[in-house]
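Colleague: Following this message is one structure expressed as structure tokens.
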Amino acid sequence: MPVARGLQMNARSAVLVGFTGIMIALVLGLGVIWLAGSGGDVEVQLGDTDFDAGQIWRISEEINDRGPILYSDVAGRSRDIILQHLGANPETGWLAFAARPLGQPRDCFFQWDPDSGRFDLIAGADDTECAEVTMDAEGNLSTGDSILSYPITIDEKNNVRVDINYDSDDESTGDE
């Protein structure tokens with residue numbers, strides 16, 4: 001039995017298919033370029049704009065038992081903070097401030113001393129020299145300088161939220 005020949009494409013059909021493919025690619029490419037140029041500014045925002053420290057009752061109890069909490073900036077931007085709670089009411093009395101004075105290396109940070117009721121600036125590494133400065137429980141430095149403080153809000157789920165992207169030119173406690 002004879003075998004039938006498959007579909008044959010002549011030169012004219014091949015050129016037409018190739019030309020059509022090139023035109024489709026050209027139209028798609030121009031469309032992508034037009035869409036890319038017609039959009040507004042793109043703002044990439046990854047992650048939260050603030051730091052959720054947790055439930056007010058749990059965190060205030062932790063601070064009452066062990067002292068203020070030092071949070072290290074895991075993103076490596078040197079925005080280490082200390083979260084402090086003053087008073088008996090977990091809904092008020094919240095403070096958040098930088099973990100070290102301006103100009104000090106990241107290896108220098110405040111550590112709470114419960115005996116003296118203040119923060120002492122200590123070195124995390126053996127060879128780091130830190131300024132001799134202390135800070136009281138409310139964030140007042142012994143030098144009279146101010147420390148960067150961050151606004152705090154309590155959200156609808158009773159979580160403590162610290163605005164870590166706060167504009168550092170405006171120095172206020174933001175306590176609510």
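Colleague: Tell me whether segment 51-162 comes out rounded, prolate or oblate; compute the Cα gyration tensor, take square roots of the eigenvalues as a ≥ b ≥ c, and use a/c under 1.5 as the rounded threshold.
Modeller: prolate
Colleague: Evaluate the charge dipole of segment 21-166 about its Cα centre and quote only its size in Debye, nearest 20, assuming +1 on the Cβ of each Lys and Arg and -1 on the Cβ of each Asp and Glu.
Modeller: With only Lys, Arg, Asp and Glu charged at Cβ, the dipole is about 540 debye.
Colleague: Highest mean first, how do 127-140, 95-108 rank when packing is the count of other Cβ atoms within 10 Å averaged over residues?
Modeller: 95-108, 127-140
Colleague: Once the piece of chain linking Asp113 and Arg66 is laid out straight, how much longer is it, given 0.36 nm per residue of separation minus the C-alpha distance between them?
Modeller: Computed gain between Asp113 and Arg66 is 15.9 nm.
No value in this document is a laboratory result; all are computed from the given coordinates. If you're wondering where the values come from, they're calculated on a predicted model, not measured in any experiment. Using ideal geometry, Cβ is built from the backbone for each residue, glycine included, and neighbour counts are taken over all protein chains shown.
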